[in-house]
Amino acid sequence: MVYRRFLIVCFFLILTSCNSEQEIQRSIEPSPPIPEQLEGPFIIENTNLLKNDSIVRYKGVNALHTYGLGNLDLMDIWNVEIIREFIGNLREQPIDGNPFLGSDNVWYHSLQNIVNQNRTHNKITILCPFGWVNSNGQRTLFTGLNPSEQSFYQAYKTKMKLIAEHFKNQPDVWIEVWNEPYHWDNENNYSHSLWLSDMKDMVDNLRWVENFQNIIIVPGNEQGQSENAILEKGNGLLENRYNILFDLHAYEKWLVNTNQEQITTRINRLENNDYAIIIGEIGVQNVGEVMSVEHFLSAAEETNTSTLAWLWKLERGDNNALLAENGEPNASNNNNCWGNTFKEFFER
């Protein structure tokens, strides 16, 4: 029995040592060089997002154009300024060229064609990986996962670097490293140190691409809803790095049992600590009941915070869809008039 306990202790020490060595190895790896002058026109300076040296903020939507290029004329009517594009099959997602039939038997349109369409309508594009499809057609969604612990992590880094290489001279294309990482309640061996280590690795992976100066978007913890990792470890990520915008998603942990003043206080705390933020998603429903969003949108307006709705989609039966099948706002008592609510937010 004593010998068995001894072996267990030894195994634990070895495991801890390996993890520590990995963290030390990452911490001593050199950071990508910072250019003497950023090309712009988009630059993050302290808490501010600048375009041609002027402070800007954007209102936008999440979209599914990888599955089919839509008609952006309606987006123009709504005054959509920025689009966060869903990449559900990062491994096989075509970067340029013709549509591709994936191993999941789904056709995917190329990122460049999506960007071209968005650019024609004067819209910024955020490219965000949401999932990985293996050779058997099985998809793993990124939400809730520890990035560096995934079996496909190295392949993920390779594909993301290819995307950065392709778009490095297209500054209106921003890249988010991962959608909604880590467990909802910080379980599964999560720590803020893990967040920092992973984010450094994923950001630097892109910055090692020569001349890639595009804005990089970094999510919070707790499936993207918590700012705590940013507040505790964000300075460590910003050290010797540039053009980083932090992304938070506004669902239960922002919308339930909160008021406008509380939300404003949380946003201001981030800004007072020199973190530039964007609300990459807000919707009326996530894992529970339909939620009220008006108080959050008022706080976003008060703090001049860039905010994107989930989701630009024509489907009345989806409470988060902004549109009904006829192109009118998807607004009913079932979804707290979500379509009208966010359309009015665009008009403020």
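The values are calculated or read from the model by the stated rules, or taken from the named source; none is laboratory data. Bear in mind the structure is a predicted one, so any value in this text is a computation, not a measurement. Because the Cβ atoms are built from the backbone with ideal geometry, glycine has one as well, and the counts that use them run over all protein chains shown.
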Find the residue count for region 122-153, including only residues that are closer than 21 Å to Asp104 by Cα, over 15 Å from the mean Cα position of the chain (by Cα) and surrounded by fewer than 22 Cβ atoms within 10 Å (Cβ to Cβ). 12
For Thr305, all conditions in the list (1) assigned to a helix (DSSP H, G or I); (2) of a type in the set (Ser, Thr, Tyr); (3) closer than 24 Å to Trp178 by Cβ hold save one; what is the number of the exception? (1)
Regarding region 221-233, can at least one residue be identified that is among the basic types (Lys, Arg) and assigned to a loop (DSSP other than H, G, I, E, B)? no
Can you go through Gly97, Gly131 and tell me which one is in contact with a helix residue (DSSP H, G or I) (Cβ under 9 Å, 6 or more places away or on another chain) and of a type in the set (Gly, Ala, Ser)? Gly97
Of all residues in region 308-326, how many are in a loop (DSSP other than H, G, I, E, B), touching a residue at least 40 places away in the same chain (Cβ under 8 Å) and in contact with an Asp or Glu (Cβ under 9 Å, 6 or more places away or on another chain)? 2
Keeping to region 278-331, report how many residues are closer than 19 Å to Ile126 by Cα and of a type in the set (Lys, Arg). 1
Given the conditions (1) over 27 Å from Tyr153 (Cα atoms); (2) in contact with a strand residue (DSSP E or B) (Cβ under 9 Å, 6 or more places away or on another chain); (3) free of Cβ contacts under 8 Å to residues at least 12 places away in the same chain, which single one is not true for Lys123? (3)
Checking the conditions here, which among Ser306, Ser332, Ser292 is more than 16 Å from His249 (Cα to Cα) and of a type outside the set (Lys, Arg)? Ser332
Being in contact (Cβ under 8 Å) with a residue 24 or more places away in the chain and under 15 Å from the mean Cα position of the chain (by Cα) is the requirement here; does Gly234 meet it? no
Unmet requirement for Tyr242, which otherwise passes all of (1) closer than 22 Å to Glu45 by Cβ; (2) in contact (Cβ under 8 Å) with a residue 60 or more places away in the chain; (3) assigned to a helix (DSSP H, G or I); (4) not charged (D, E, K, R): (3)
Between Met160, Met199, which is closer than 20 Å to Asn228 by Cβ, buried (at least 18 other Cβ atoms within 10 Å of the Cβ) and of a type in the set (A, V, I, L, M)? Met199
Over region 36-84, the set of residues among the hydroxyl-bearing types (Ser, Thr, Tyr) and under 23 Å from Val218 (Cβ atoms) is Thr47, Tyr58, Thr66
Just checking: which of the strands (runs of 3 or more DSSP E) contained wholly in region 113-156 hold 3 or more residues that are modelled with pLDDT of 95 or more and closer than 22 Å to Pro99 by Cβ? 124-129, 131-133
It is to be established whether one or more residues within region 268-287 are modelled with pLDDT under 95, over 29 Å from Thr47 (Cα atoms) and of a type in the set (A, V, I, L, M, F, W, C). yes
Is there a residue being closer than 21 Å to Ile278 by Cα, of a type in the set (A, V, I, L, M, F, W, C) and not in a loop (DSSP other than H, G, I, E, B) anywhere in region 183-198? yes
Test: residue in region 162-173 that is of a type in the set (Lys, Arg) and touching a strand residue (DSSP E or B) at 6+ places or on another chain (Cβ under 6 Å): no
